[in-house]
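What follows is one structure encoded as structure tokens, with my remarks underneath.
The values are calculated or read from the model by the stated rules, or taken from the named source; none is laboratory data. Please read all numbers here as calculations on a predicted model, not as lab measurements. With ideal geometry, Cβ positions are generated from the backbone for all residues, glycine too; neighbour counts draw on all protein chains shown. Accessible surface is based on the protein model in full, side chains and every heavy atom, while ligands, DNA and RNA are left aside. Shrake-Rupley method; radii C 1.70, N 1.55, O 1.52, S 1.80 Å.
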Amino acid sequence: MLDTNQKQLVIAVLAVSGLAILSIFIGVSDVTPQTLFSNSEDGRALQVLLISRIPRTLAILLAGASMAVAGMIMQILARNHFVEPSTAGTVESAGLGLLVVTVLAPETTVIGKMLVASIFALLGTFLFLRVLRMIPLRSVLVVPLVGIMLGGVIGAITTFFAYRLDLLQSLNAWLTGSFAGILSGRYELLWISLGLMIIAYIAADRFTVAGMGQDFTTNLGLNYNRVMTLGLIIVSMVTAVVVVTVGMIPFLGLIVPNVVRQMQGDNIRRTTPWVMVIGAGFVLFCDIIGRVIRYPYEILSG
Amino acid sequence: MIEIKDVSKSYDKTVVVDGVSLKIPAGGITSIIGPNGAGKSTLLALISRLLPMNSGQVLVDGLNVTTTPGDALARKLSILRQDNHIGSRLTVHDLVTFGRYPYSKGRPTIEDLKHVRMALQYLNLESMSGRFLDELSGGQRQRAFVAMVLCQDTDYVLLDEPLNNLDMKHAAAMMKLLRRTADELGKTVVLVLHDVNFASCYSDYIVAMKDGKIAYRGNPSEIIRPDIMRGIYDMDIAVQDVDGKRIAIYYA
């Protein structure tokens, strides 16, 4: 039997699925169930569906869910509910990594770019956590401020080099979150984030325990640093994957986990599915609004 | 038995625990008392491997706490410190269930849930098991954490100032409960206490620390005496017998 919580979750999943179906049928070219099944236009509608609409919708769902999960884990790592990858230097570091690899080795495959961006994101986040340790007074608001400053510094370095190398426009295009360019073949990397979310869910209890502090974690026989490292890797890789494929979606990782936390608390095993569903639904909703409001033009999600 | 062998801990040049050797017998309640900064909490953290020691070693039933795997030790010894993270929104039931983590690794069995129910019952928390920690009073929260530690069902239970945030009624109830845990469940309870009278009334063995060293040790009637109190706290404290318990009068 399902309990109330699970019933609500099922309803939420259905609602997001409804949005996803809606999303598939919104766009400039004429894709409706009718055109799909009447074979009049040589299956053109079907092609649009397979090459553009479905990939786009999947990309939105994956990016939204994984960025929200990354935000949640980030909040555990920093033990602060006001941080997320875009306020901790993670996104900016991934951007820097992307720039570096594009300049030094432009031939690198997308996977290679993602890996380099992940490593940069990892280093950036690690730096953030180190800087936090050095600050004696960790007030709730100082933590995200430090992150934003650090992000600003890294962002400035990136911008400087991009400016010197005449890559500013490309940089902007990379970092502004947009699902407009998503076609079949250009989003598959995002499936990695699904794998990362599954890992996060499997390790959910460890993250809950780590969220209670180092002493608490050690008492229960867990290695605190190992849990932190796992979290750091998940956050960095998710961020890198999303930045490389769709660009930056700021504040998603901040809002969604906090909304869920108010409703469901801090038991990560219970909240992760919610964070994923609401994160996906939220981005999907924004993207649909962005597509409809200035139809047939688009407002970028980021 | 917990054997502490020549253990030292220092931060930079400040020595906090200075070459302490001590045997804490198995069974019963041992209280560690002493003035602020005597190194009581640090010693407890060293015993429970929350802090690395600079030298010496600690053996718990022969297990070296530095080298024994964390999850094995977590089934032998549990520790509750005084500054618990209260920002987390966990329910009381979830928190207590995490006490079973060393056994269940996050997948509690029926057996584990039985322990959870018993611990909640023991601390009279059943009616609030669905409440979030941040919605509880300080005393209720403290009881929830103690329930979690009891649920961990270890032979050794270490508590750093468990009476913090508790009023007289709940403080006395907590000490009675710990007494019961020691007597009925056969656990070894080690406490850091500030109130010497609670130590006097409820412990089997008292260890007094001063300046990072063990100053005195013995049973309550040997320790709660004016001359020894003067030696520990540098103040004149009268001691009276009340119903067979030695009570220190330090208010005036």
Subset of region B:137-190 [part of a helix (DSSP H, G or I) and of a type in the set (Gly, Ala, Ser)]
B:Gly138, B:Gly139, B:Ala144, B:Ala147, B:Ala171, B:Ala172, B:Ala173, B:Ala182
Among the listed residues B:Arg100, B:Arg49, B:Arg75, B:Arg117, which satisfies the condition of being in contact with a helix residue (DSSP H, G or I) (Cβ under 9 Å, 6 or more places away or on another chain) and at positive phi?
B:Arg49
Return the total of residues in region A:228-248 being β-branched (Val, Ile, Thr) and open to solvent by less than 10 Å² (accessible area, probe 1.4 Å).
8
Looking at (1) open to solvent by 10 Å² or more (accessible area, probe 1.4 Å); (2) in a helix (DSSP H, G or I), which is the one condition that is false for B:Ile247?
(2)
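Pick out the one residue from B:Val239, B:Val196 that is touching a Lys or Arg at 6+ places or on another chain (Cβ under 7 Å) and either surrounded by 21 or more Cβ atoms within 10 Å (Cβ to Cβ) or at negative phi (or both).
On the way: B:Val196 fails: touching a Lys or Arg at 6+ places or on another chain (Cβ under 7 Å).
Going through B:Val239, B:Val196 in turn, just one is touching a Lys or Arg at 6+ places or on another chain (Cβ under 7 Å) and either surrounded by 21 or more Cβ atoms within 10 Å (Cβ to Cβ) or at negative phi (or both): B:Val239.
Output the residue which, of all residues in region B:166-193 that are closer than 21 Å to B:Ser78 by Cβ and of a type in the set (Lys, Arg), is least open to solvent (accessible area, probe 1.4 Å). I'd like the intermediate steps shown before the answer.
Filtering region B:166-193 for residues closer than 21 Å to B:Ser78 by Cβ gives B:166, B:170-171, B:173-193.
Cutting the leftovers down to of a type in the set (Lys, Arg) gives us B:176, B:179-180, B:187.
On the way: B:Lys176: 118, B:Arg179: 53, B:Arg180: 104, B:Lys187: 14 Å².
Filtering region B:166-193 for residues that are closer than 21 Å to B:Ser78 by Cβ and of a type in the set (Lys, Arg), the one least open to solvent (accessible area, probe 1.4 Å) comes out as B:Lys187.
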Where A:Val209 falls short, out of the listed (1) touching a residue at least 40 places away in the same chain (Cβ under 8 Å); (2) of a type outside the set (Asp, Glu); (3) within 14 Å of another protein chain (Cβ to nearest Cβ)
(1)
Do we have B:Leu95 as more than 11 Å from chain A (Cβ to nearest Cβ) and under 28 Å from A:Asp205 (Cβ atoms) here?
no
Restricting to region A:249-266, what's the tally of residues that are crowded, with 24+ Cβ neighbours inside 10 Å and either modelled with pLDDT under 90 or out of contact with any helix residue (DSSP H, G or I) (no Cβ under 7 Å at 6 or more places or on another chain) (or both)?
4
Set A:Arg270, A:Arg186: member being of a type in the set (Lys, Arg), open to solvent by 10 Å² or more (accessible area, probe 1.4 Å) and within 14 Å of chain B (Cβ to nearest Cβ)
A:Arg270
Going through region B:228-247 in order, the residues found to be of a type outside the set (Val, Ile, Thr) and farther than 25 Å from B:Val17 by Cβ are B:Asp236, B:Ala238, B:Gln240, B:Asp241, B:Asp243, B:Gly244, B:Lys245, B:Arg246
Can you tell me which residue within region A:111-130, out of those that are at pLDDT below 85 and in contact with a helix residue (DSSP H, G or I) (Cβ under 6 Å, 6 or more places away or on another chain), is surrounded by the fewest Cβ atoms within 10 Å (Cβ to Cβ)?
A:Lys113
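Can A:Thr245 be described as more than 19 Å from the chain's Cα centre (by Cα) and either within 30 Å of A:Thr102 (Cβ to Cβ) or within 14 Å of chain B (Cβ to nearest Cβ) (or both)?
Numbers: more than 19 Å from the chain's Cα centre (by Cα): no; either within 30 Å of A:Thr102 (Cβ to Cβ) or within 14 Å of chain B (Cβ to nearest Cβ) (or both): yes.
Taking the combined requirement at face value, the residue does not satisfy it.
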